[in-house]
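Just below is one structure, and these are the notes that go with it.
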Amino acid sequence: MSWIIYPFIAVATFLVMEGITWLTHKYVMHGFLWYLHEDHHKKGPGFFEKNDWFFVIFAIPSFLSIMLGSIYQVWWVVSIGAGVAMYGFAYFLVHDIIIHQRFKLFTRSNNRYVKAIRWAHKMHHKYLEKEDGESFGMLLVAKKYFDKVRRDEEMQKKIHTGNPENKIV
């Protein structure tokens with residue numbers, strides 16, 4: 001197999017991970033492993049959560065794919081492990097830094113996408129129990145959240161221009 005295919009395998013794996021994450025979040029984290037995820041919805045004291053174990057759960061197959069694929073020179077397996085690792089990094093950046101701000105970086109973004117993912121995640125966290133949740137993905141955001149952010153921006157614009165009732169001037 002030509003070396004050029006391996007970056008494509010890694011990117012494809014990264015993209016597939018969004019679906020895997022959605023399914024895992026909805027049916028595993030809000031299912032039989034709720035006891036690990038519950039403290040993420042009902043924040044307690046301290047920096048770490050039991051929910052952080054999901055980082056380890058996803059990191060193990062990624063690490064093993066990279067390590068064993070390298071040892072046995074099965075480069076497509078390394079590429080899959082790299083794609084999972086890239087998604088893990090993106091998840092950490094988006095979920096822990098941008099959304100939950102566990103590290104105080106990117107705290108005042110006016111980017112519409114960032115606002116939409118924050119709103120979608122806020123709607124996910126309005127449910128404190130494992131049932132009746134919404135918005136289980138991480139990088140892909142439903143149109144209704146973008147629409148809500150757009151409406152909020154339009155309302156702010158009207159307020160700042162002194163035309164809150166949207167009257168024709």
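In this rough spin-label picture, where each label sits 7 Å from Cα along the Cβ direction, the Gln73-Ile159 distance is 6.4 nm. The chymotrypsin sites (Phe, Trp or Tyr not before Pro) of region 77-154 that meet both conditions, a loop assignment by DSSP and at most 15 other Cβ atoms within 10 Å of the site Cβ, are Phe103, Phe106, Tyr127.
Matching the structure-derived Cα extents along the principal axes in Å against the labelled list (i) 54, 30, 24; (ii) 71, 40, 29; (iii) 57, 33, 30 gives the label (ii). If you take all other residues with their beta carbon under 12 Å from the beta carbon of Ile98, and give Lys and Arg +1 and Asp and Glu -1, the sum is +4. Between the helical axis of 53-71 and the longest alpha-carbon principal axis of the chain there is an angle of about 40 degrees. Multiplying the residue separation of Lys42 and Lys148 by 0.36 nm and removing their Cα-Cα distance gives an extension gain of 35.6 nm.
Counting only residues at least eight positions apart within a chain, or on another chain, the lysines with an alpha carbon under 17 Å from that of Lys157 are Lys115, Lys148, Lys167. How large is the translational diffusion coefficient of region 7-85 in µm² per second when you combine the Kirkwood radius over alpha carbon pairs with Stokes-Einstein at 37 °C and 0.692 mPa s? Roughly 239 µm²/s, to the nearest whole number.
Read-outs: derived from the displayed coordinates by stated rules, not from any lab. Predicted model, so just to flag it, every value in this text is computed and none were measured. Virtual Cβ from ideal backbone geometry, glycine too; neighbours counted across all protein chains shown.
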